[in-house]
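See below for the structure under consideration.
Nothing in this text is a laboratory measurement; each read-out follows from the coordinates by a stated rule. Remember, predicted model here, so these are calculated numbers, not experimental data. We place every Cβ from the backbone using ideal geometry, glycine too, and count neighbours over all the protein chains shown.
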Amino acid sequence: MPRPSWTPYAYRLIEPDEQFDLFACRENRLHLATRQLELNGTADRTLCGGLLPAQPRWLELQLPMLKDRRLCSACHELLKAQRKGRSASTLAW
């Protein structure tokens, strides 16, 4: 059986905590990041392009979490695009 090209295991959810003031997003939003961070970037970023906190609070992505109202809409749109086979890295920046 072939493995699906998209899996929630490839992503993590970042929940703002006491480092909120250092987080690039100034809203109380949950953001998505790829589990395997890119090595060619100058800084680690979320799907929507925001900077990660120094010590992010990582959550394993579960499909019901995609319905959370606090989820960043830009991260969610990029995730949907990637599920359809378009490259999220070209859409984010």
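Listing for the model above:
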{"item": "Computed FRET value (nearest 0.05) for residue 17 with residue 84, which takes r as the C-beta separation and R₀ as 22 Å", "result": "0.10"}
{"item": "Amide H contacts under 5 Å for residue 30, placed H, 5+ residues apart", "result": "71, 72"}
{"item": "Whole-Hz ³J(HN,Hα) from phi, Karplus 6.51 cos²θ - 1.76 cosθ + 1.60, for segment 68-83, glycine and proline x", "result": "5, 5, 7, 5, 4, 5, 5, 4, 5, 5, 5, 5, 4, 5, 5, 4"}
